[in-house]
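**Student:** Sending over a structure as structure tokens; questions will come in a sec.
The values are calculated or read from the model by the stated rules, or taken from the named source; none is laboratory data. Note that the structure is predicted; figures quoted are calculated from it, not measured. Cβ coordinates were reconstructed from backbone atoms using ideal geometry, including for glycine residues, and neighbour counts include every protein chain displayed. What goes into the accessible areas is simple: the full protein's heavy atoms, side chains included, and nothing from ligands, DNA or RNA. Shrake-Rupley method; radii C 1.70, N 1.55, O 1.52, S 1.80 Å.
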Amino acid sequence: MATKTKRANEFSELPILPVRETVLFPNAILPLTVGRENSLRLINDLKENEKFIGVVAQRDPRVDNPQPVDLFQIGTAAFVHKIIKLPSQSLFIFVEGLQRIALDQVTQAEPYLRAQVKTLQDVAGERGPGFEALVQSVTSLFQQVVQLSPTLSDDLSTVVMNIDDPGRLSDFIAANLPSLVPSERQELLESLDLKSRLERLNKHLAHEIEVQQLRSKIQSNVQDQVSQSQREYYLREQLKAIQKELGESDEQQDVEDLRRRIEAAGMTEEATKEAKRELARLAKMSPAAADYHVTRTYLDWLITLPWTKVSELRVDLRKAKAILDEDHYDLEKIKERILDYLAVLQLKPHIKGPIICFAGPPGVGKTSLGKSIARALDRKFVRMSLGGIHDEAEIRGHRRTYIGALPGQIIQGIRRAETRDPVFMLDEVDKIGRDFRGDPSSALLEVLDPEQNSHFRDNYLDVQFDLSKVLFICTANVLDTIPPPLLDRMEVLELQGYTEDEKIQIAVRHLIPKQTEEHGVKYSEQIEFSRAALGYLIRHYTREAGVRNLEREIATLCRKQARRIAEGGTEKLSVEPAIIPNFLGAPKFRLETEIVDRTRQPGVAVGLAWTPTGGDVLFVEANVMKGGKIFSMTGQVGQVMQESMQAALAWVRSHAADYDVDPEFFQSKDIHMHVPAGAIPKDGPSAGVTMVVTLVSALTRRPLRPRLAMTGEITLSGQVLPIGGVKEKILAAKRSGVKEVILPAENEPNVQEDLSKEMLEGIELHYVKTIQEVVDLALEKEPAPEPVRRASDLRLSLVQAPAGPAN
């Protein structure tokens with residue numbers, strides 16, 4: 001060793017070997033792997049017994065081809081003891097540190113560095129009692145570290161006791177202390193003052209002892225709590241205990257990620273506070289705990305809700321009107337209301353969303369209108385069907401105490417929309433059920449109240465969420481089944497049925513292009529519909545207020561043509577009335593001729609009824625027989641309709657003389673009134689005038705005028721009161737071939753407001769105030785001849801009336 005040290009001192013120039021993340025101390029033997037091309041050249045150029053090099057650490061280990069500026073100024077002169085060639089063409093060498101050196105001047109840059117070096121000596125300074133105490137302290141602390149460390153050999157304690165030189169002692173300890181990072185080792189290498197070097201080393205040893213003692217304490221504490229079979233749990237607890245004792249964050253990476261997402265979510269103050277509280281609970285839980293995933297799912301829901309995200313406000317009234325006109329024909333009132341809302345939104349962007357309810361029969365475009373509104377507003381569209389739901393939790397969600405709990409459909413829809421101001425359609429709001437599980441309609445009271453829904457609180461989230469920016473649109477077929485408090489919160493816009501002309505326009509603009517595209521048939525090239533054919537379809541194969549059945553029949557014709565094309569046919573199908581029965585079978589409805597045939601005989605009148613699917617005609621029949629004081633009512637008529645029949649009979653008896661009828665006719669006659677079809681329940685007061693006309697017709701044998709229908713409620717004093725559903729009833733009359741309609745005079749404003757001239761084309765309206773006016777308008781002036789009653793003429797006539805009327 002002395003010879004090598006002496007020879008090293010004699011050299012003023014050495015080849016320099018740069019090393020990464022490694023510091024070589026004097027008197028220490030260090031294995032090194034040499035792989036860089038210039039470093040391999042350096043080792044290969046060493047001569048036997050002249051294997052002296054300078055080992056210097058790089059400032060940045062990422063530099064592959066270090067230059068002098070990339071190296072520390074102080075390194076160690078070393079002697080290469082052994083060189084081993086590895087299969088990977090690299091070398092494995094053992095070097096022994098000899099003495100500290102300082103790089104003075106670089107004399108060679110390629111193929112490897114050479115530099116003039118200056119040897120450095122330790123600065124001993126004054127060695128008094130304090131210095132000796134410092135040396136003893138360092139020695140004692142290192143022995144404690146060896147005793148506590150599971151990686152250091154116990155022989156090191158003996159070696160350190162036999163080192164008398166303080167400089168060698170400090171270098172030996174620094175070389176064998178595993179907790180030192182390269183930067184700390186370099187500082188110790190550059191520290192020439194022995195006292196300063198020993199003080200630094202003493203500080204590092206004291207910290208290492210503290211860490212080792214805490215490690216032993218943690219290991220002991222954790223090992224007492226777990227068994228061998230709980231290895232995963234043991235490791236996790238050990239990690240947490242280490243972090244806690246070191247004063248570091250006790251949060252896992254996942255928890256930190258959740259914390260960042262909470263800060264970025266833009267929640268309300270209440271929601272942020274609740275999220276942080278749950279996050280603190282989550283950080284203390286084991287992933288194996290029962291509540292861990294419940295809490296994690298809850299935090300995910302809070303974080304992913306669009307607390308502040310809104311749609312970009314781009315109000316273009318012309319574009320919105322064009323979209324509404326493109327998607328739907330007519331519906332002018334509805335379009336005007338939407339455009340009014342857009343105009344206000346343009347002037348005041350922060351208004352609360354209105355609560356709109358589209359009420360009307362099936363197939364008139366309520367749901368599709370909601371989609372068009374969303375497109376016109378450039379907002380996301382969310383649809384929720386309320387038909388048949390019974391559980392209040394579907395609206396407000398379940399509390400987290402339940403297994404598998406989730407937020408209600410309102411919050412789920414908002415999350416799917418990813419914005420807090422979507423167009424939210426609540427479909428079939430009139431078909432909500434209620435049972436022991438709760439009343440969903442009551443839960444909707446908060447949702448559909450603009451004054452309350454800004455503080456909507458879902459049971460699962462248990463924090464307030466602002467729904468005031470949501471545009472809620474409800475749909476319903478009838479309003480009677482909607483609870484009054486819920487109905488009071490909505491702005492009801494009624495969608496009545498379509499006329500035949502309107503249906504033809506809808507079919508041409510929307511239904512036919514849609515169905516031909518869906519069935520792969522080219523419109524106008526392979527199939528074509530005439531207006532007469534569409535009218536024939538509407539009159540004889542559909543009886544509805546909307547266009548849903550019409551679309552089905554058009555689809556059937558498209559399928560027939562698609563099959564012909566698939567079988568090799570090339571002929572274009574021009575759909576005309578004459579060929580429709582060949583594809584669709586015999587006409588389903590012949591109401592135009594049915595009304596004329598059935599009203600030829602006395603005792604039959606035609607009324608008009610409103611149904612959830614639109615309007616319909618209603619036949620009322622009466623028979624007068626020998627007997628006395630028996631008044632029979634059949635046809636599944638409800639209580640209100642039965643009372644209307646009794647009121648009609650009372651008025652007819654009190655005014656019998658006015659129509660040349662014996663005032664005492666009821667003493668010797670039985671009367672039977674029937675409302676076909678008998679299998680369908682019917683109720684309501686608006687058939688009162690029809691029942692009076694039927695009774696007068698049966699008693700006087702004056703038949704009803706052809707193609708005439710009527711509606712109106714009656715009083716015992718002979719007044720005709722207004723009724724509802726005027727538009728639906730008039731459209732039903734027009735569909736059925738009726739040419740004249742008798743209406744209460746007080747319903748004239750409804751006709752002028754709800755029906756256009758096109759809708760009234762071909763129908764004559766008579767407005768009446770009294771029953772006498774109705775009878776005079778409805779019945780022929782002369783009675784029908786008495787039929788010849790013979791046994792051979794008797795036959796049973798079973799006539800099926802229109803399906804679905806309810807008065």
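**Student:** In deg cm²/dmol and to the nearest 500, what is the mean residue ellipticity at 222 nm of the chain if only DSSP H runs of at least 4 residues count, each as -39500 (n - 2.57), divided by the residue total?
**Tutor:** -12500 deg cm²/dmol
**Student:** Right, another one. Percent of alpha carbon pairs in the chain separated by more than 48 Å?
**Tutor:** Roughly 55 percent, once rounded to a whole number.
**Student:** Let me ask something else about it. Full-extension gain between residue 631 and residue 739, please, as 0.36 nm times their residue separation minus the C-alpha to C-alpha distance.
**Tutor:** So the extension gain works out to 35.7 nm.
**Student:** Right, next: For a paramagnetic label modelled at 7 Å from the Cα of residue 601 toward its Cβ, which residues of the range 667-689 fall within the zone defined by backbone nitrogen distances under 19 Å?
**Tutor:** Zone members listed by number: 670-678.
**Student:** Of 431/729; 503/682; 366/729; 669/729; 276/348; 47/203, which sit over 32 Å apart, Cα to Cα?
**Tutor:** Result: 669/729; 276/348; 47/203 exceed 32 Å.
**Student:** What three numbers, in Å, describe the spread of the alpha carbons of the range 105-163 along their principal axes, ordered from the longest?
**Tutor:** Projected onto the principal axes, the Cα atoms of the range 105-163 cover 48, 36, 16 Å.
**Student:** Whenever you get a sec, compute what percent of the accessible area on the chain sits on carbon and sulfur atoms (1.4 Å probe).
**Tutor:** Exposed carbon and sulfur together represent 49 percent of the surface.
**Student:** Per residue, what volume in Å³ does the convex hull of the Cα atoms of the range 323-480 enclose?
**Tutor:** Dividing the Cα hull volume of the range 323-480 by its residues yields 115 Å³.
**Student:** Subtract the Cα-Cα distance of residue 491 and residue 33 from 0.36 nm times their separation in residues, and report this length gain in nm to one decimal.
**Tutor:** Between residue 491 and residue 33, full extension yields an extra 156.6 nm.
**Student:** Working out 0.36 nm times the residue gap between residue 148 and residue 776, then minus their Cα-Cα distance, what length gain in nm do you get to one decimal?
**Tutor:** 214.3 nm
**Student:** Still on this model: With every protein chain present, what is the per residue accessible area of the chain (1.4 Å probe, Å²)?
**Tutor:** Computed with neighbouring chains in place, this is 50 Å² per residue.
**Student:** Okay, moving on. What helices in the chain pass both tests, a Cα length along the helix axis of 24 Å or more and a mean Kyte hydropathy of -1.0 or higher, using whole DSSP H runs?
**Tutor:** 129-148, 548-566
**Student:** Evaluate E = 1/(1 + (r/R0)^6) for residue 106 and residue 140, where r is the Cβ-Cβ distance and R0 equals 35 Å; express this FRET efficiency to the nearest 0.05.
**Tutor:** The formula returns an efficiency of 0.20 here.
**Student:** While we're looking at this one, here's another question. Pop a pseudo-label 7 angstrom from the Cα along the beta-carbon direction at both residue 403 and residue 457 and give the gap in nm to one decimal.
**Tutor:** That separation, rounded to one decimal, is 2.8 nm.
**Student:** May I pose another question? At a threshold of 8 angstrom on Cα-Cα distance, excluding pairs fewer than six apart, so keeping six or more, what relative contact order does the range 22-175 reach in percent?
**Tutor:** Relative contact order for the range 22-175 comes out at 25 percent.
**Student:** Under 8 Å for C-alpha pairs, at least 6 residues apart: give me the relative contact order for the range 617-714, rounded to a whole percent.
**Tutor:** About 42 percent, as a whole number.
**Student:** Further, regarding this structure: Let me have the relative contact order for the chain, percent, based on Cα pairs under 8 Å that are six or more residues apart.
**Tutor:** 7 percent
**Student:** On to the next question. Rounded to the nearest 0.05, what FRET efficiency do residue 350 and residue 69 give with R0 = 56 Å and r taken as the Cβ-Cβ distance? Could you check?
**Tutor:** After rounding to 0.05, the efficiency reads 0.35.
**Student:** Between residue 47 and residue 281, what is the spin-label point distance in nm, taking each point 7 Å from the Cα along the Cα→C-beta axis?
**Tutor:** Going from the residue 47 label point to the residue 281 one covers 8.0 nm.
**Student:** Treating only the Cβ atoms of Lys and Arg (+1) and Asp and Glu (-1) as charged, compute the dipole magnitude of the chain about its Cα centre; round to the nearest 20 debye.
**Tutor:** It works out to roughly 1480 debye.
**Student:** Going 7 Å from the Cα of residue 518 in the Cα-to-Cβ direction, what parts of the range 533-563 have a backbone nitrogen less than 12 Å from that spot?
**Tutor:** Hits in the range 533-563 for residue 518 at 12 Å: 548-559.
**Student:** In the neighborhood of residue 521, defined by Cβ-to-Cβ distances under 14 Å, what is the net charge if each Lys or Arg adds +1 and each Asp or Glu adds -1?
**Tutor:** So the environment of residue 521 carries a net charge of +1.
**Student:** Mind ordering 190-198, 683-691, 206-214 by average Cβ neighbours within 10 Å, highest first?
**Tutor:** 683-691, 190-198, 206-214
**Student:** Taking the range 614-723, which GluC sites (Glu not before Pro) meet the DSSP loop condition and have no more than 10 other C-beta atoms within 10 Å?
**Tutor:** 664
**Student:** Okay, next question. Please list, ordered by chain and number, the residues whose modelled amide H lies under 5 Å from the amide H of residue 22; skip anything fewer than 5 residues away on the same chain.
**Tutor:** Close amide H contacts, sequence-distant or interchain: 58.
**Student:** Post the alpha-carbon centroid distance, the range 524-596 to the range 409-445, in whole angstrom.
**Tutor:** About 39 Å separates the Cα centre of the range 524-596 from the one of the range 409-445.
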